[in-house]
1. Could you count how many residues in the stretch C:137-151 are touching a residue at least 24 places away in the same chain (Cβ under 8 Å) and either under 21 Å from B:Ser231 (Cβ atoms) or crowded, with 24+ Cβ neighbours inside 10 Å (or both)?
2. Take the residues in the stretch A:328-385 that are at positive phi and within 10 Å of chain C (Cβ to nearest Cβ); name whichever of them is surrounded by the most Cβ atoms within 10 Å (Cβ to Cβ).
3. Can you name the condition, by its number, that C:Trp163 falls short on among (1) free of Cβ contacts under 8 Å to residues at least 12 places away in the same chain; (2) part of a loop (DSSP other than H, G, I, E, B); (3) within 12 Å of chain B (Cβ to nearest Cβ)?
4. Just to be sure before I move on: is C:Tyr155 within 14 Å of another protein chain (Cβ to nearest Cβ), of a type in the set (Ser, Thr, Tyr) and farther than 24 Å from C:Gly206 by Cβ in the structure I sent?
5. Considering only the stretch A:386-411, state which residues are within 14 Å of another protein chain (Cβ to nearest Cβ), not in a loop (DSSP other than H, G, I, E, B) and not aliphatic (A, V, I, L, M).
6. Restricting to the stretch B:166-176, name every residue that is in contact with a Leu (Cβ under 8 Å, 6 or more places away or on another chain) and within 7 Å of chain A (Cβ to nearest Cβ).
7. For A:Arg204, are the conditions met, namely being farther than 23 Å from A:Arg77 by Cβ and at pLDDT 90 or above?
8. With the condition kept exactly as written, say whether any residue in the stretch C:2-12 is more than 14 Å from chain A (Cβ to nearest Cβ), within 26 Å of C:Ser194 (Cα to Cα) and in contact with a strand residue (DSSP E or B) (Cβ under 8 Å, 6 or more places away or on another chain).
Amino acid sequence: MPLLEARGLTKIFGTLRACDHIDLKIGRGEIHALLGENGAGKSTLVKMLFGALEPTEGSILWKGEQVAVSSPREARRIGIGMVFQHFCLFDALTASENILVSLDDPAPAGAVTARARDISKAYGLPVDPNAHVGDLSVGERQRIEIIRCLLQNPELIILDEPTSVLTPQEADRLFEALEKLKEEGRSILYISHRLEEVKRICDRATVLRQGKVVSECDPRKETASSLARMMVGNEVQPVVRDKPAVQSEALLEVRDLDRKAGHPFAVALSGINLSVRAGEILGVAGVAGNGQGELFEAVSGEALQERADQVRIRGKDAGRRDISERRLMGAAFVPEERLGHAAAPAMTLSQNLLLSRYRTDARAFLNRLGMIRNSLIAHAAQRVSSAMDVRKGVEDPEASALSGGNLQKFVIGRELDRQPLVMVVNQPTWGVDAGAAARIRQALIDLAKSGSAVLVISQDLDELFEICDAIAVMHGGRLSAPIPIGDATYEKIGLLMGGAEPGHAAVSQAEAV
Amino acid sequence: MFEAILITIATAATPLLLASMGELVVERSGVLNLGVEGMMIMGAVTGFGVAAMTGSAWLGVFAAAIVGTLFSLLFGFLTLTLVTNQVATGLSLTLLGLGLSSMIGESFVGRAGVRLGALDIPYLTEIPYIGRLIFGQDPLCYISLLLTAGVSWFLFRTRAGLTLRSVGDNHSSAHALGIPVIRIRYLAVMFGGACAGLAGAYLSLVYVPQWVENMTAGRGWIALALVVFASWRPWRVLAGAYLFGAVTIGQLHAQALGYGIPPQLLSSLPYLATIIVLVLISRNRRLTMMNTPASLGRPFVPDR
Amino acid sequence: MRIELVKRPQQSVLFSVLSPFIALALTLIAGALLFLLLGKDPVNTLYVFFIEPLRETWSLHELAVKAAPLILIAIGLSVCFLSNNWNIGAEGQFIIGAMAGSILPVMFPDFQSWIVLPLMLLMGIAGGAAYAAVPAVLKVRFNTNEILTSLMLVYVAQLFLDWMVRGPWRNPEGFNFPETRSFHEYAILPEIWSASGRAHWGFIFGLVAALALWFMMTKTLRGFEIKVLGQSPRAGRFAGFSQGRIVFFAFLLSGALAGLAGLSEVSGAIGQLRPVISPGYGFTAIIVAFLGRLNPLGVVAAGLVLALTYLGGEAAQISVGLSDKVVRVFQGMILFFVLAGDTFIHYRIRFVSAPAAAAGEASRANV
């Protein structure tokens, strides 16, 4: 008898069938992978299992008996625990308060903290109980989540994309903890789209595609590419990259960039140097929250520098110029957050086109009186949509009505449409389905090939290895020297991401100069 | 003379303290209710009316708290269930409260009210200098002090208080963990309403035991400012309320003494003081950001 | 049973047009109940309140007199609110504008020339804008909450006006009444069509301002900038728009229009300064702005509706013996219903019966 069984589980949002009659069986003491690309319905499914979403249809059996998991509290009561992908933590509370607030049993705070300490020791998950979560690194936050989950003594632990925020070495330590849990007879539902690690640790796998189960298999008997085919369905066009065509002329340079932390949870930048030449794609790897967002703000001109020469675009000082002026110098920017940063959610696509291009394309989009020429803008938006294959229900929808992948294609296409000489992208394919991701990566490669300099900030190492000519690593607000792609390995990059070899960055920078 | 001034400072401070203590809890849960002035004036008119009709000041106090709560539920329904803009809805609560109270209170104008008397504990109240000051205040004044201690204990020493703070910090996380965000916010909003109602009753039953149209005169807004001033901490609210009580009483005495300063300019001092205090406290963006409940004023629609 | 909101994929065009009308209809129903509660015949009272004032020409003029300040202020406020700046101190800016413009006729009554009125208008505009600049500076420089500061300044302005008309500016020949001397003929804002009623040029100013700002908001980059920064400040910063500049723009604009409204009121409708020159126009204008859906043209219609409640209140007081305080209750209710109605533009409402599991089929049918 399986520990948990889902029968015909269905969830409908509006007209979207996020999960469509899903059957799932998880045995005792098994690490069960739930595979699927972004938007396949994995998160929706586990939220239903954990009681955070209410199924439209279908039933859940726990130890052979039908149960109604009406709330996360109920799920925890019967023995299901969950570690969320976007951690459910409270920045303003301390680590121990974060643990306490999620517990349903009224044990006194002292006892809970003591138990948390025991768990933290037993599974190798060190955490400072008095630290405010807002000040902790992503890895530490995940440990709090896991401890919080284990405190409930769950029989089934759901882990949603746990390694996406970890360095390869941190991931290894997590896998050790998971093995230990498995030995204790607990089951684990492991959600991931990283095939190698699924093959490495999982006993069974259920593969989802577009809300439906397409396969149940033993991942160890499959190859990474056969698993990928199951996930994506039709073959995704592989990204084509010719020999690098890097030229000597540096189009984007950052010199000795320092920046103080602007708000309590921000990261300060110190001594950042980089240079991207025409035809080159430079990748910036790093675990989330190590200053990537702050670097993007500084390079884009959303935040100005102290000295003009700290950022140079096409050989001219740009450090004291704002984002519009940097665009006029030939640069284009795509920030990490699609909704609310790259695009205004309640505005239409054509309005969002105007958002980043009213200065660079002023002559086309505004008439002499400063009036907006709506028809020309709508036309340009249409051009971007067809160039990037943006799928939408109506002619000119609001940005928030588009799926993540389609909106991302639009905000990238919006900049590519200008043929920028310098392109800076933060997390180009985060949360985007495989088809859209491939399209975006190909577009970035093509842009570089045409002679532009491209800076890609990403937490996805696979992506960086796929498209970059060199990779530098951010850690604690510092940037390492770039490693040419020929010399880069996952291990080397992973060590730098974990902050290993302090001083390494400074040393190799000195060498590079 | 000096003793009398000190005693009246407590009288001026208590309504501010009651109202801001309620709003502090509301804001700690992540909701910004700008309708304090409206709930307060409704409490004032109810307290006066019920006390005048029944002859019991305590019944008036009780009714004022009830009406304050009901009025806050109106705000709760709109902002929590229908997810309307909290700023606009709070404003409309104030406008409606001011209008409704002046309509209800039309027949009360000029009528003699009932006063909620000060305590008089034999011997203790007679201690020279400090007797009246410490033991001779009105009961609501003591209640407001107990409330401060109670709120402080609740927020920082109990599980329920921790849950409330977590909702104010990140409602999405709280929801995902199975914490009933909306229910907790309803309760907080109702608590805020009851406190504002009490504050209003204090004005019409203790401060000036009569009904005057618009008698709150912006105290609800000053209470809101006090919460910001206090960085959402109960004991600092207490300090702020007594500071403002002192400014209010100080300018009243200055008016009585003359000095040749126009009374209108003195009357505007508490408002100007509010602005100055707000500027001083919010100058440090970093500090403000650290203290402000992160979900404050943000709409929340749970997905189910 | 509980109420659940389901986000619409696109804003409902139907509801964004209908919601003000639904709000008005609901207000009328609630109003009828209120009248019933007060022991009045609801149908007759509603008639007196909302129809009778529209039947006489002079009374239509009165409508324009009341609507002028409401429209002028509310247009500025709607631009302000769209940019997510909460100026709720228009009442104070109205008063200071009126006082600034009155300097000439009150302090220099012998300076009589055709230039006086244009100067007064400019001074009124400048006064309102300057007073509104205070919360703007505090917000931009010191990060101070503009809601609280702008509101506090209302009380300060009211007290200041009270002091001036009782003290330094009191009419020396006025038998100690708390009012300034009456404005001379060059300081009076002309009536539009004096043969038939009192409506003055303030109403025309309102219409012109509405058209101009409608044009700005819908056709120009500045309007786009205001909307982007109001909805999504981070996207606005990404676009290269300056938050601080828009804070000043929004406050100065709304302050200037409130100042113009104040000056028009004293120079067009009252003819002198008194301790109280506004029945709360600055606050009622907040309701006007929302009822007009923050659209300058919608604001004109909404301003007329709210002006009608003032007239209706007066009429009902005379003919039915209803308290004039009812007006403010009415106005408060309108805003509540408007805000509730706006929810339907963005969401559909679903009623869910309590046992969640049983709801499966029902909610499917709802899709």
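The values are calculated or read from the model by the stated rules, or taken from the named source; none is laboratory data. Predicted model only: the values in this text are computed from it and were never measured. Ideal geometry is used to build each Cβ from the backbone, glycine not excepted, and the neighbour counts take in all protein chains shown.
1. The qualifying residues number 6.
2. Restricting attention to the stretch A:328-385, the residues satisfying the condition of being at positive phi are A:330, A:340, A:370.
The next check asks that each one be within 10 Å of chain C (Cβ to nearest Cβ); those that pass are A:340, A:370.
Details: A:Gly340: 17, A:Gly370: 12.
Per the criteria, the residue is A:Gly340.
3. Going through the list (1) free of Cβ contacts under 8 Å to residues at least 12 places away in the same chain; (2) part of a loop (DSSP other than H, G, I, E, B); (3) within 12 Å of chain B (Cβ to nearest Cβ), C:Trp163 breaks only (2).
4. Considered against the rule, which asks whether it is within 14 Å of another protein chain (Cβ to nearest Cβ), of a type in the set (Ser, Thr, Tyr) and farther than 24 Å from C:Gly206 by Cβ, C:Tyr155 comes out as yes.
5. A:Glu398, A:Ser400, A:Asn406, A:Phe410
6. First, pick out the residues of the stretch B:166-176 that are in contact with a Leu (Cβ under 8 Å, 6 or more places away or on another chain): B:166, B:168-170, B:173.
Those that are in contact with a Leu (Cβ under 8 Å, 6 or more places away or on another chain) and within 7 Å of chain A (Cβ to nearest Cβ): B:Ser166, B:Asp169, B:Asn170, B:Ser173.
7. Details: farther than 23 Å from A:Arg77 by Cβ: yes; at pLDDT 90 or above: yes.
Considered against the rule, which asks whether it is farther than 23 Å from A:Arg77 by Cβ and at pLDDT 90 or above, A:Arg204 comes out as yes.
8. Just the residues of the stretch C:2-12 that are more than 14 Å from chain A (Cβ to nearest Cβ), to begin with: C:3.
When the remaining residues are screened for being within 26 Å of C:Ser194 (Cα to Cα), the result is none.
No, every residue in the stretch C:2-12 fails to be more than 14 Å from chain A (Cβ to nearest Cβ), within 26 Å of C:Ser194 (Cα to Cα) and in contact with a strand residue (DSSP E or B) (Cβ under 8 Å, 6 or more places away or on another chain).
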